[in-house]
Amino acid sequence: MPAESTSQNTRNTAEAPDNAAALAGLDALQTRGGQSRTAGEFFRTRVAPPVVALIAALMVWQLTVAIIDPRPDIMPGPLEVGRQIWASIVDGTLPGALATSLWRGVSGFLIAVAVATPLALLIAQWAGLRSAIGPLITGLQVLPSVAWVPAAIVWFGLSDATVYFVVLMGAIPSIVNGMLSGIDQIPPQLLKAGRVLGADGWKLATKVVLPAAMPGYLAGLKQGWAFSWRSLMGAELIAIGGSIGFGLGSLLAQGRTVSDMAIVLTAVLSILLVGIVIELLFFNPLEKKLLRGRGLLVR
Amino acid sequence: MTTTPSETVIRMENLGKTFSAEDGAVLQGLDLEIERGQFVALLGASGSGKTTLLNVVAGLEEPTEGSVTAPAQGAAMMFQDAGLFPWLTAGKNVELALELAGVPKAARKDRVQELLELVRLPSVADKRPHELSGGMRQRVGLARALAQEREVLLMDEPFSALDAITRDLLQEELLRIWEVTGRTIVFITHNVSEAVHLGQRVLLLSSRPGKIVEEWDTGPWKDPGSYGFEAVGQSREETLDQLTRTITHRLREEIGRHAR
């Protein structure tokens, strides 16, 4: 039938542009525009809830103290603690202790990163080394690093070296294990894609393995920081005097020695605040950016 | 297409692959020759060693028996999952392939755009993979595979995770790109109509061990000026439908052999 074969041919020749249009339509249907958050929405969903919770907690605290009326040196109210914080700021104790601790925590953490990252890459590369020292590293991660304080005092005396040693013993195993699990969790398909594209050895490590392991690595860094900070406070609390500078942990120990609960709470709240601020200003945005960029986080 | 007639790019002789003695051979006694510019569809049930066969051609795995001759430069490869790197934009994914292929930095940017235009995605260079649909990701994957400038393109069920509408459109796109680029394509699928629609040759692979049990040449039926379907008084569609049914029947027969 010539008539039908003509119409058939017309359809066939018309197929190419149709196909392009259909494909473009499908692309438009299947991609959603990303919605960005307004400043107001950010305030309403992210800023307001914790602020309200904090105010509520302070009110409950004040109310409890007002009703029960305990001895102020055992359980001071938020107003007394606030006065103590202000006094410590004015006389310079708190800013000094904060700066000392923060400097040790951050520099100790950075040294830990510099040691742990190549160590983790080496262990990941070399199966024999991994089975040899993998369990030890996991064990060290579980061991509370303040358990090293007595040994460190014997080895390094009451010096900053003692504090750094304890911090490193706390942070390094966490970062190593974080990076290792980041490498373990790389989808095999990505490694295969990398190899098919011709990446091997150094190229595969830097262009595929490292970026692919980033989420696990970042989780390790986050935990490594937490361990640094905790170990530091533990070390400062236990090892006092000598050439060790006066940090937040030392302030805490001082409060206990003079039985002044307001000083103790000032130190505890400051330690807590540092943890929150570092998380909110540094790790949280970094993690969100990383995960959102990979489509692993919706909001 | 300007292809040199009968220039073999892939040759396998008595090829066999065994991973472990207790599992037996995955591939055995496989003979296959593929000519430059051919589109070969490889059909087989699960466990027929299709992926292993592609890995051997790509040089990712060594055969344990027989010999394989493939381009020394290796082959480009596409998977069911596009395998795009999620930390790179679509454009950077393609660019990385160019970089690893040794293309100088200055030439990369334009080439990336050319390749994305070839797969009809001219404006997604700055999008991350998760912002694209499955079909778009596969096209970026195709652009990345083409960036390698390899003679042979191996495709491991690239459309099997897509919805039917997208799959139909991408099949047409692949045929268009095949004609434009003149690549030699080995396309794995478990979908008989897809194999018949795309391949010039359809090869049926048996399972455990995998070897080629039958081959159909669909090329003549697709050529508009061909003799075949008029001779038997059928339209081209009818002829291809019939071929699809024949192959489906043969595939089921082959799978049925494994029943106990």
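The values are calculated or read from the model by the stated rules, or taken from the named source; none is laboratory data. All values derive from a computational prediction rather than experimental measurement. Cβ: placed from backbone, ideal geometry, glycine included. Neighbour counts: every protein chain shown. Heavy atoms of the whole protein, side chains included, go into the accessibility calculation; ligands, DNA and RNA do not. Shrake-Rupley method; radii C 1.70, N 1.55, O 1.52, S 1.80 Å.
Residue check: B:Arg144 meets all listed conditions (1) without any contact (Cβ under 8 Å) to a residue 40 or more places away in the chain; (2) closer than 24 Å to A:Gln30 by Cβ; (3) at the interface with another protein chain (Cβ under 9 Å from one of its Cβ atoms) but one, namely (1). For the condition more than 12 Å from A:Leu197 (Cβ to Cβ) and modelled with pLDDT of 85 or more, B:Glu65 does not qualify.
Taking the stated definitions as given, is A:Gly108 more than 24 Å from A:Thr266 (Cβ to Cβ) and open to solvent by less than 70 Å² (accessible area, probe 1.4 Å)? Spelling it out, it is not the case that A:Gly108 is more than 24 Å from A:Thr266 (Cβ to Cβ) and open to solvent by less than 70 Å² (accessible area, probe 1.4 Å).
The requirement of being surrounded by 17 or more Cβ atoms within 10 Å (Cβ to Cβ) and touching a Ser or Thr at 6+ places or on another chain (Cβ under 6 Å) is satisfied by A:Gln223. Those helices (runs of 4 or more DSSP H) of segment A:188-286 in which at least 3 residues are under 30 Å from B:Gln80 (Cβ atoms), considering only elements entirely within it, cover A:188-196, A:201-204, A:210-238. Would it be correct to say that B:Val124 is touching a residue at least 12 places away in the same chain (Cβ under 8 Å) and either under 28 Å from B:Arg11 (Cβ atoms) or part of a loop (DSSP other than H, G, I, E, B) (or both)? Spelling it out, B:Val124 is indeed touching a residue at least 12 places away in the same chain (Cβ under 8 Å) and either under 28 Å from B:Arg11 (Cβ atoms) or part of a loop (DSSP other than H, G, I, E, B) (or both). Among all residues of segment A:229-245, there is none that is surrounded by fewer than 24 Cβ atoms within 10 Å (Cβ to Cβ) and within 14 Å of chain B (Cβ to nearest Cβ). Selection over segment B:219-247 of residues that are loosely packed, with under 15 Cβ neighbours inside 10 Å, closer than 19 Å to B:Val40 by Cβ and modelled with pLDDT of 80 or more gives a count of 1.
Could you go through segment A:154-162 and let me know if any residue there is within 17 Å of A:Met233 (Cβ to Cβ), assigned to a helix (DSSP H, G or I), aromatic (Phe, Trp, Tyr) and without any contact (Cβ under 8 Å) to a residue 24 or more places away in the chain. No, because not a single residue in segment A:154-162 is within 17 Å of A:Met233 (Cβ to Cβ), assigned to a helix (DSSP H, G or I), aromatic (Phe, Trp, Tyr) and without any contact (Cβ under 8 Å) to a residue 24 or more places away in the chain.
Restricting attention to segment A:25-52 and to residues that are outside any loop (DSSP other than H, G, I, E, B) and open to solvent by less than 60 Å² (accessible area, probe 1.4 Å), the residue that is modelled with the highest pLDDT turns out to be A:Ala48. Selection of segment B:98-135 for residues being small (Gly, Ala, Ser), at the interface with chain A (Cβ under 9 Å from one of its Cβ atoms) and farther than 16 Å from B:Pro158 by Cβ yields B:Ala101, B:Gly102. Restricting segment A:182-198 to residues that are open to solvent by 60 Å² or more (accessible area, probe 1.4 Å) and under 24 Å from the mean Cα position of the chain (by Cα) leaves a set whose member that is nearest to the other protein chains (Cβ to nearest Cβ) is A:Pro187. Of everything listed in (1) within 14 Å of chain B (Cβ to nearest Cβ); (2) under 20 Å from the mean Cα position of the chain (by Cα); (3) open to solvent by 50 Å² or more (accessible area, probe 1.4 Å), the single unmet condition for A:Gly201 is (2).
Candidates B:Gly83, B:Gly16, B:Gly29, B:Gly24: the one that is under 21 Å from B:Arg208 (Cα atoms) and under 21 Å from the mean Cα position of the chain (by Cα) is B:Gly16. Every condition in (1) in contact with a strand residue (DSSP E or B) (Cβ under 9 Å, 6 or more places away or on another chain); (2) more than 14 Å from chain A (Cβ to nearest Cβ); (3) more than 13 Å from B:Ile212 (Cα to Cα) is met by B:Ser20 except one, and the failing one is (1).
Scoring A:Leu121 on the criteria (1) within 28 Å of A:Thr100 (Cα to Cα); (2) in a helix (DSSP H, G or I) leaves a single failure, condition (1).
Applying the set (1) away from every other protein chain (no Cβ under 11 Å); (2) open to solvent by 10 Å² or more (accessible area, probe 1.4 Å); (3) among the polar types (S, T, N, Q) to B:Gln138 leaves exactly one unmet item: (2). Any residue that is more than 30 Å from A:Ile55 (Cβ to Cβ), in a helix (DSSP H, G or I) and not hydroxyl-bearing (Ser, Thr, Tyr) - is there at least one of those in segment A:95-104? Yes, segment A:95-104 contains at least one residue that is more than 30 Å from A:Ile55 (Cβ to Cβ), in a helix (DSSP H, G or I) and not hydroxyl-bearing (Ser, Thr, Tyr). Test B:Leu205 against the stated conditions and say whether it is out of contact with any Phe, Trp or Tyr (no Cβ under 7 Å at 6 or more places or on another chain), closer than 28 Å to B:Gln242 by Cα, of a type outside the set (Val, Ile, Thr) and more than 14 Å from every other protein chain (Cβ to nearest Cβ). It is true that B:Leu205 is out of contact with any Phe, Trp or Tyr (no Cβ under 7 Å at 6 or more places or on another chain), closer than 28 Å to B:Gln242 by Cα, of a type outside the set (Val, Ile, Thr) and more than 14 Å from every other protein chain (Cβ to nearest Cβ).
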